[in-house]
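The structure under discussion appears below in the form of structure tokens.
Nothing in this text is a laboratory measurement; each read-out follows from the coordinates by a stated rule. What you are looking at is a predicted structure, and each value in this text was computed from that prediction instead of being measured. No Cβ is skipped: glycine too gets one built from the backbone with ideal geometry, and neighbour counts run over all protein chains shown.
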Amino acid sequence: MKEYVRQLMRRGAITCSETTSIRDIAQIMVVNQVRYCVVINNEHEVIGIVSADSLICTFGLDLDETKAQDIIVKDKRRVFTTTGKTPLTEAIDIMKRLKIGHLVVLADHPASRAVLGILFSSDIVAEMARRQEEGEKS
Amino acid sequence: MKVCDLMHKGVISCYAEDTVKDVARMMDQHHFRSIVVVNERGEVWGIISFREMMPHYSKNLSQLTAGEIMRPYKIEVDPQWSIENAIDVMRRLRYYHLIVVDPHVGTKWPVGILSSSDVVKCMSNLTSGRYEQMLKIRRETTEP
């Protein structure tokens, strides 16, 4: 049974900068078939996350002029992060409490804000299904 | 633009008596983000998305039924609604999967799902599929 975030997270992340336009972010999401984009600064530190759910607020605006930073500010979106050493149950609690579908996993070093990967709710549900089938076989 | 222009046609459904184990398997095998719970007449009762599934991570899923964990669903989204109207409902109620019902067949008969991803796809202005877009990405190394 997988117990820690690092055992279930996907390594690497799709990123953009604060000044990336909403149109570009939408295209990044569609082409890469993801529902999120991690916003990083010039030092490659995480400063936010833009999800498909938050992106729809900009429908009807000028998508080439609206930037990622506008959504982060408007939503007052904090960065929801965890580390690979965090127990899965704790990470699930955070996702449940904040009603989000993904957590950004940072490097374990406390001073580092570099992205290590993403923990998705879809992977958690896939693990639940796998575990049930393994239980049946054994 | 209307809801029927962007929505996914058809829904994947289960009954309230089905076990959560079956629901998890459906989501995993077919990569669905939400399953519609219907009654014996095929009317919408509720919806199960990843958010409803996650709190039961360490439980025995065979002993839980879809009816116990589903989120009751009472919104009736008409296929003729404007996209702006649907987005307003999504934002207000924090429902990012709207079940579209057919007003001609029955008020609670599901015909499709409109998710935030469908709206994002429209916002991206990409008309063709993923692989066609990847072929259009310019690479200097491919030039002779």
Nitroxide proxy distance, nm - points 7 Å out along Cα→Cβ at A:Lys96 and B:Leu93: 2.4
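At 0.36 nm per residue, and after removing the present C-alpha to C-alpha distance, how many nm does the segment from B:Glu84 to B:Glu43 gain when stretched out fully? Please report the intermediate quantities before stating the final value.
Numbers: separation 41, 0.36 × 41 = 14.76 nm, distance 2.57 nm.
Using 0.36 nm per residue and subtracting the Cα-Cα distance, I get 12.2 nm.
Calculate the FRET efficiency for B:Glu76 and B:His8 from the Cβ-Cβ distance with a Förster distance of 22 Å, rounded to the nearest 0.05.
On the way: r = 17 Å, r/R0 = 0.79.
Step by step, r from the Cβ atoms, then E = 0.80.
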For A:Val39, distant residues with modelled amide H under 5 Å away: A:Cys16, A:Ile47, A:Gly48, A:Ile49, A:Val50
Label-to-label distance, nm, for residues given as A:Glu18 and B:Asn125 (7 Å Cα→Cβ offset): 2.5
Amide H within-cut-off set for A:Gly117, under 5 Å, with H built and near neighbours excluded: A:Gly12, A:Val105
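Would you mind checking B:Lys9/B:Lys74; A:Lys2/B:Lys21; A:Lys85/B:Lys121; A:Lys67/B:Lys2; A:Lys96/B:Lys2; A:Lys2/B:Lys121 for any pair whose Cα atoms are more than 24 angstrom apart? Don't skip to the answer; put the middle values down first.
Values: B:Lys9/B:Lys74 20 Å; A:Lys2/B:Lys21 18 Å; A:Lys85/B:Lys121 35 Å; A:Lys67/B:Lys2 26 Å; A:Lys96/B:Lys2 32 Å; A:Lys2/B:Lys121 34 Å.
With Cα atoms farther than 24 Å apart: A:Lys85/B:Lys121; A:Lys67/B:Lys2; A:Lys96/B:Lys2; A:Lys2/B:Lys121.
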Trypsin sites (Lys or Arg not before Pro) restricted to the range B:1-82 and DSSP loop, no more than 13 other C-beta within 10 Å: B:Arg41, B:Lys59, B:Lys74
Spacing of the two label points (7 Å from each Cα toward its C-beta) at A:Lys2 and A:Lys85, in nm: 2.0
